[in-house]
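Worksheet for the structure shown next.
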Amino acid sequence: MVNKLTTDMSLTGNGLRDWIVQRFSAVILGVYFFVLFGFFVFHPHPDYLILSEFFSVTWVRVFSLIALLSLFLHAWVGVWTVITDYVKPFPLRFLLEAFTILLLIIYFFWGIEILWRFV
Amino acid sequence: MKLTNYSFDAVIVGAGGSGMYASLQLAHSGLKVAVLSKVYPTRSHTVSAQGGIAAALGNVHEDDWRWHMFDTVKGSDYLGDQDSIEYMCKNAPTAMYELEHMGMPFSRLENGKIYQRAFGGQTLNYGQGVAQRTCAVADRTGHALLHTLFQNNIKAKTHFFNEWYAIDLVKNAAGDVAGVIAICIATGEMAFFNSKVTILATGGAGRIFETSTNALINTGDGLGMALRAGMPLQDIEMWQFHPTGLPGMGILITEAVRGEGGYLINKDGERFMERYAPHAKDLASRDVVSRSIALELRAGKGFNPGGMDYVKLKLDHLGADVINSRLPGIRELAITFAHSDPLVVPIPVTPTCHYMMGGIPTNMHGQVITLGEQDKDRIVEGLYAIGECACVSVHGANRLGSNSLLDLVVFGRAAGLHAEKAIKSGLPLHPIRESDIEHALTRVERWNTNKNGEDIKTIHDEMQKVMQSDFGVFRIEESMIEGLKKLKALRERLKDARLKDTSQIFNTARIQALELDNLMEVACATAMAALTRKESRGAHSREDYPKRDDLNWLKHLVVFSDLSVNYRPVNMRPDSVDPLKPMERVY
Amino acid sequence: MRFSIYRYNPETDAKPYMKDYEVDVPHDSDMMVLQALMLIKDQDETLSFRASCREGVCGSDGMNINGLNRLACLTPVSSLKAPITIRPLVNMTVIRDLVVDFTLFFQQYEKVQPYLQNHAEPPATERLQSPEERAALDGLYECILCACCTSFCPSSWWNPEKFIGPAGLLWAARFLADTRDTATEERLANLQDPFSVYRCRTIMNCTVVCPKNLNPAAAIAGIRHKMVEKGS
Amino acid sequence: MNKQRFMNFDLTTIRLPFTSIISILHRLSGIFVFLLIPFLLYIFDMALSDSDGFASIGAILGNPISRISLWLFLVALGYHFFAGVRHLIMDMGFGEGLKNARTSGAVALVITLVWALWIGVWLW
């Protein structure tokens, strides 16, 4: 029903799947930020030690990784929607979309680097 | 004038219930069919129908189409043609099931069948007690019907010309109709639609009255076209006044309110219909109830004597459940337009012009009839009329509530079937000459070129006032003579009126001028017919001739554009049952 | 009372402009905007607008009145702050004055196959449907196709061709909800791309402006639910 | 004859309903959060590098612009979160009516306001 090239740049190329991914990743991110929020409530003025200790716990790291992945998916669906709403000329839209993906990939690996360098 | 030429097997003018049922019938036949509509199909007046559509399905109790036929003939005050009424009532159930299969979202009974409610004049066993015969979609039956038909026409890929306004029929020297001239409202483009069969489905003309339940588009376009093409209108004096319209605007409050148990009260709180119709009470037929209200108002028992007088319709006793599930649209209308929530307070109502029983005379296949040699019926080749603009004569002098949607459906279908057969058996395009087309163009050219003269607004308003005051619920010789005189003068003035705006693109002023030509034709014909019929029958109620006179007036009256009058016999020969002999009509 | 009305006739005007009119509105008048427009047309017959049933069931006279899409015939003048500003429906091509082009709107409607589909041989009488099953259609079938919602929907503004819009989707929901319709899976499959349904962001402008008090946003949510159910 | 096609599309003449403001804020906050991700990652990177790096955060946030940016980021994130929860609740079929949607939108706004104050107090 809709032009294929436009659709192809969406995360899954399918509205229902994109929608589910967006919701699912939102829930994960929500819980993740709730955990972080809890950490800062218990440690309103953390120092390096407390913070690095918290991020060396395995489940925190795994959860952080999952959250990073969720962020990637969530942001891609969201930003893709925003771009396709407002940017109509195909070359510009394509560039923006490609740039966004690139950024998200960089963030993802940057995040892994931050979490895993002090293993 | 530049004209585009289109050629079709069939052209249907009007996309209301009857037009779209006919087009659906034809679309399945593989023929080339065009539907011209001056509004988008879903804006047609059918959409406003509320209460329901009658058919003897017997879902609530035992029922028989013969009982339905009896009620309809009696309701018509014996002016209805019995062969057509028989056909309609007999085919009603089939039509209902067809609609249901098309997806019409009928309300349902506990057992899953189509919900049926009581309506005025519908009885069991030839007049014994109240029948629940009216199939309903809450109180939005017309909306549901129209949308269902539109949707099925989309499915059938019907070719719609939306916002095309038909101006006049093109008739050849032999008197056959070869198509119509129409204008595309959006662009001003004019076109000749040449067709083997032209079907008029243009609806009523309730806008000849000042206050009417009718949509603004109900301007009798098909009637004007037929009159100008030399065909007559039949029974056009018969105008139904719906008992319950909101005072002022004339917004319709469906009879289903009374069918569900609501009733009328006067300012003393009295349920006055018990006095006028001891058995049927508020469910007597519409002419009876409207007259009763008018008499109450005349006796000073209205709520606002001296001002805009009205009685009230009480339904709060039905309870919120019934009102919200069966009459939700009525509640909305009453709150919006009368500032009264029927859950709590009664709704102010007054008789309001509602329906035109008369129209272009046709046989039961929808073929238009005119008078030929020695005043004998002559079928106009190539022309059909269906729906409110037609007078197959199933409503006679008074239509029963919920029989109009049925009329649309049954005769829309019948005309479609007949036209399909005619075209498939080799009906050719009717031959025409250039002059035939030019003749049909004269009217629109006049409006485009006339630079002087008065605006149409005054003429329009005066016509409505005359109709309202001299041809309303009660009629009397002197005022009708006066009224007709005024109308004739207005008609002359209209010939000289001018259009200030002659632009091409979506010029609604021009459409209104063309519509007024049609309204004026219908108003004059109505006045002439009303003045001529010297008796009281059904909706035609004369104070100077208060009795029905079967000896002299049990006949159809036809009026031509020059206001000459003639007569046709009423058909009293149903096919499969005994004729129904005129009896005294009591409810 | 002052009315400021959007005027444009492509035959004579280079571009649209606003024109002011003065209408006598009695103090405690019941007048609706539609009647005011008719009075204005009496002053100036070149003003074009659509109207038919004048009671809110035909859907002809949707327009933007004081910033909101509504039906002129259901909007009391007394409910509005003067000057009353009347513009055509938002984001639809103007044919002339307050008259807009409905072509795209009806194309979107047709996309959802707005008709009952059931290939089984129908019974001799009606198909049965319980009152409860029928009640599932309430709030869906009453749509009058006035386009107030779709023309007021930001998702339709940005993707008028790819996003079906609230009105079309309401009709999709109506046929998905009908127990007599057997094309559910095909209907859902046709709507699964990222645009047709999923551009809806539950902004609810549709629900705010619907003159029939319907809730297209909730109907669209219902379509998504059905897809999730079918997909899992 | 003017062949140019016009539309009535002027956002200054359109009265945006409350729910649409809730919605557009959701989108804006999302974009804002997305744009500030590198800033956040940078702070995180610093905080988890070593104690010197951690200490440098104090310096970074000493700059009022960074501090306000962080505050804005957290406020936007908060709103995106609360309005997102509202969406999820509606997606589950609760509060889909107009009245409820307005109420829940207002609730999301108010909670965000409280959150913004709270974060502000914490940061300063």
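Per-structure values
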item: Cross-chain or 6+ apart pairs with Cβ under 6 Å, region B:357-373 first and assigned to a loop (DSSP other than H, G, I, E, B), then among the aromatic types (Phe, Trp, Tyr); result: B:364/B:87; B:366/B:384; B:366/B:411
item: Leading residue by the ranking (farthest from the other protein chains (Cβ to nearest Cβ)) among those in region C:157-182 that are open to solvent by 10 Å² or more (accessible area, probe 1.4 Å) and over 20 Å from residue C:139 (Cα atoms); result: C:182
item: Pair list, Cβ < 6 Å and 6+ apart or interchain, from region B:473-501 residues that are within 30 Å of residue B:295 (Cβ to Cβ) and of a type in the set (Ser, Thr, Tyr) to residues that are part of a helix (DSSP H, G or I) and open to solvent by less than 60 Å² (accessible area, probe 1.4 Å); result: B:479/B:470
item: Residue within region C:8-21 that is touching a helix residue (DSSP H, G or I) at 6+ places or on another chain (Cβ under 6 Å) and either of a type in the set (Asp, Glu) or within 22 Å of residue C:89 (Cβ to Cβ) (or both) present; result: yes
item: Condition met for residue A:92 (open to solvent by 60 Å² or more (accessible area, probe 1.4 Å), farther than 30 Å from residue D:50 by Cβ and of a type outside the set (Val, Ile, Thr)); result: yes
item: Unique residue being open to solvent by less than 70 Å² (accessible area, probe 1.4 Å), among the hydroxyl-bearing types (Ser, Thr, Tyr) and within 30 Å of residue C:16 (Cβ to Cβ) when the list is D:23, D:56; result: D:23
item: When residues of region C:70-110 are limited to those that are within 9 Å of chain D (Cβ to nearest Cβ) and not in a loop (DSSP other than H, G, I, E, B), the one farthest from residue C:156 (Cα to Cα); result: C:85
item: Tally, over region C:58-69, of residues that are under 27 Å from residue B:253 (Cα atoms), assigned to a loop (DSSP other than H, G, I, E, B) and not acidic (Asp, Glu); result: 3
item: Matching residues in region A:12-65 - criterion: being among the β-branched types (Val, Ile, Thr) and within 14 Å of chain C (Cβ to nearest Cβ); result: A:12, A:20, A:21
item: Conditions (1) charged (D, E, K, R); (2) over 30 Å from residue D:30 (Cα atoms); (3) buried (at least 20 other Cβ atoms within 10 Å of the Cβ): number failed by residue C:199; result: (2)
item: Selection within region B:4-53 - more than 18 Å from residue B:196 (Cβ to Cβ) and among the charged types (D, E, K, R); result: B:38, B:43
item: Complete set of residues in region A:34-64 that are among the hydroxyl-bearing types (Ser, Thr, Tyr) and outside any helix (DSSP H, G or I); result: A:56
item: Of residues in region B:21-55 being among the charged types (D, E, K, R) and in a loop (DSSP other than H, G, I, E, B), the one nearest to the other protein chains (Cβ to nearest Cβ); result: B:38
item: Residue count for region B:368-393, restricted to those that are under 24 Å from residue B:426 (Cβ atoms) and buried (at least 24 other Cβ atoms within 10 Å of the Cβ); result: 7
item: Unmet criterion (only one of (1) facing another protein chain (nearest Cβ under 7 Å); (2) of a type in the set (Asp, Glu); (3) in a strand (DSSP E or B)) for residue C:55; result: (3)
item: Qualifying positions in region B:273-302 - without any contact (Cβ under 8 Å) to a residue 60 or more places away in the chain, crowded, with 22+ Cβ neighbours inside 10 Å and among the hydrophobic types (A, V, I, L, M, F, W, C); result: B:273, B:293
item: Matching residues, region B:505-538, being open to solvent by 10 Å² or more (accessible area, probe 1.4 Å), touching a strand residue (DSSP E or B) at 6+ places or on another chain (Cβ under 8 Å) and more than 14 Å from chain C (Cβ to nearest Cβ); result: B:528, B:532, B:534, B:536
item: Residue in region B:437-450 that is open to solvent by 60 Å² or more (accessible area, probe 1.4 Å), touching a Gly at 6+ places or on another chain (Cβ under 9 Å) and of a type outside the set (Asp, Glu) present; result: no
item: When residues of region D:87-124 are limited to those that are open to solvent by less than 50 Å² (accessible area, probe 1.4 Å), within 14 Å of chain C (Cβ to nearest Cβ) and in contact (Cβ under 8 Å) with a residue 24 or more places away in the chain, the one farthest from residue D:35 (Cα to Cα); result: D:98
item: Residue under evaluation residue D:79, criteria (1) more than 30 Å from residue A:53 (Cα to Cα); (2) more than 8 Å from every other protein chain (Cβ to nearest Cβ); (3) open to solvent by less than 50 Å² (accessible area, probe 1.4 Å), criterion not met; result: (1)
item: Filter pass, residue C:61 being open to solvent by 20 Å² or more (accessible area, probe 1.4 Å) and away from chain D (no Cβ under 14 Å); result: no
item: Flag if residue B:271 is of a type in the set (Lys, Arg) and in a helix (DSSP H, G or I); result: no
item: Lone qualifier among C:216, C:194 - being out of contact with any Phe, Trp or Tyr (no Cβ under 7 Å at 6 or more places or on another chain), of a type outside the set (Phe, Trp, Tyr), in contact (Cβ under 8 Å) with a residue 24 or more places away in the chain and surrounded by 22 or more Cβ atoms within 10 Å (Cβ to Cβ); result: C:216
item: Residues that are in a helix (DSSP H, G or I) and either small (Gly, Ala, Ser) or at the interface with another protein chain (Cβ under 7 Å from one of its Cβ atoms) (or both), drawn from region D:1-37; result: D:13, D:19, D:20, D:23, D:27, D:29, D:30, D:31, D:34, D:37
item: Residue list for region C:191-229, filter: among the basic types (Lys, Arg) and either under 16 Å from the mean Cα position of the chain (by Cα) or at the interface with chain A (Cβ under 9 Å from one of its Cβ atoms) (or both); result: C:199, C:201, C:212, C:224
item: Residues located in region C:8-33, provided they are more than 7 Å from every other protein chain (Cβ to nearest Cβ) and touching a strand residue (DSSP E or B) at 6+ places or on another chain (Cβ under 9 Å); result: C:17, C:18, C:19, C:20, C:21, C:22, C:23, C:29, C:30, C:31, C:32, C:33
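The values are calculated or read from the model by the stated rules, or taken from the named source; none is laboratory data. Just so it is clear, the structure is predicted and the values come from calculations on it, not from any experiment. For neighbour counting, all protein chains shown are included, and Cβ atoms are generated from backbone atoms with ideal geometry for every residue, glycine included. Keep in mind that these areas ignore ligands, DNA and RNA; they rest on the heavy atoms of the full protein, side chains included. Shrake-Rupley method; radii C 1.70, N 1.55, O 1.52, S 1.80 Å.
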